[in-house]
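First the structure, in the form of structure tokens, and then the observations on it.
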Amino acid sequence: MKIGIASDHRGYKLKEQLKEKLNSKYEIIDYGTNSEESTDYPDYAFKLGENVRDKNVDFGVAICGSGIGISIACNKVKGIRCAKVVNSAEAKVTRIDNDANIVAFGEKTPLEEAIKIVETFVETPFSNLEKHLRRINKITKYEEENK
């Protein structure tokens, strides 16, 4: 399984730690940033979102100071459903109910919890329940009609 990962400067350290811990289990593709030098999270969110949308990777992981800004930017990419979560329970629910394809969290997420979030997120299948499909289809339709 291929997982794309991206961060701004504030999420850089956690991103690097996650890559190191997860690279034996998954193929990790790093979309930047590559240092702690101040940068703009939208640049990396868009790159990650486009690669998830284009199916160059199976899922995405996005990290910034709070996880909020980068998740907002990821969601501007058509076809992306990015969820900002704080624990693995939320990561599981957003896959089951929302078929999210990118998970986001903040730089202060403890490494072990971040690992659990990513593993839970990528290993939890979408439920395919009619009510969830209906809701996702409404989002997709809105995206199509409001370009």
Item checked: Subset of region 85-100 [touching a Leu at 6+ places or on another chain (Cβ under 9 Å), assigned to a helix (DSSP H, G or I) and not β-branched (Val, Ile, Thr)] -> 97
Next item on the list: Can you run down the residue pairs with Cβ atoms below 7 Å, 6 or more apart or on separate chains, where the first is in region 38-55 and touching a residue at least 24 places away in the same chain (Cβ under 8 Å) and the partner is surrounded by fewer than 18 Cβ atoms within 10 Å (Cβ to Cβ) and not in a helix (DSSP H, G or I)?
Entry: 44/32; 47/32; 53/78; 53/79
Margin query: Condition (residue is more than 9 Å from the chain's Cα centre (by Cα), surrounded by 16 or more Cβ atoms within 10 Å (Cβ to Cβ), at positive phi and of a type outside the set (Gly, Ala, Ser)) applied to region 94-101: is it met by at least one residue?
Written below: yes
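Would you call residue 118 closer than 21 Å to residue 137 by Cα and of a type in the set (A, V, I, L, M)?
On the way: closer than 21 Å to residue 137 by Cα: no; of a type in the set (A, V, I, L, M): yes.
So residue 118 does not fit the description; no.
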Checklist line | Close pairs (6 angstrom Cβ cut-off, 6 or more residues apart or separate chains): under 15 Å from residue 50 (Cβ atoms) in region 70-98, assigned to a helix (DSSP H, G or I) and among the polar types (S, T, N, Q) anywhere | finding: 81/98; 82/71
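Out of region 101-125, which residues are closer than 23 Å to residue 16 by Cα and in a loop (DSSP other than H, G, I, E, B)?
Our first condition is that a residue be closer than 23 Å to residue 16 by Cα; within region 101-125, this holds for 101-123.
Result: 101, 107, 108, 109, 110.
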Next item on the list: Taking the options 15, 55, name whichever one is crowded, with 16+ Cβ neighbours inside 10 Å and among the basic types (Lys, Arg).
Entry: 15
Next item on the list: Give region 102-115 a look and list any residue that's surrounded by 19 or more Cβ atoms within 10 Å (Cβ to Cβ), touching a Lys or Arg at 6+ places or on another chain (Cβ under 9 Å) and not aromatic (Phe, Trp, Tyr), or say none.
Entry: 102, 103, 104, 106, 107, 114
Margin query: So, residue 127, is that one of a type in the set (Ser, Thr, Tyr), within 21 Å of residue 9 (Cα to Cα), surrounded by fewer than 17 Cβ atoms within 10 Å (Cβ to Cβ) and touching a residue at least 24 places away in the same chain (Cβ under 8 Å) or not?
Written below: no
Next item on the list: Scan region 118-128 and give yes if some residue there is modelled with pLDDT of 95 or more, aliphatic (A, V, I, L, M) and under 16 Å from residue 30 (Cα atoms), otherwise no.
Entry: yes
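The values are calculated or read from the model by the stated rules, or taken from the named source; none is laboratory data. Here the structure is a predicted model, which is why all the values come from computation and not from measurement. Counting neighbours? That spans all protein chains shown, and the Cβs are built from the backbone with ideal geometry, glycine included.
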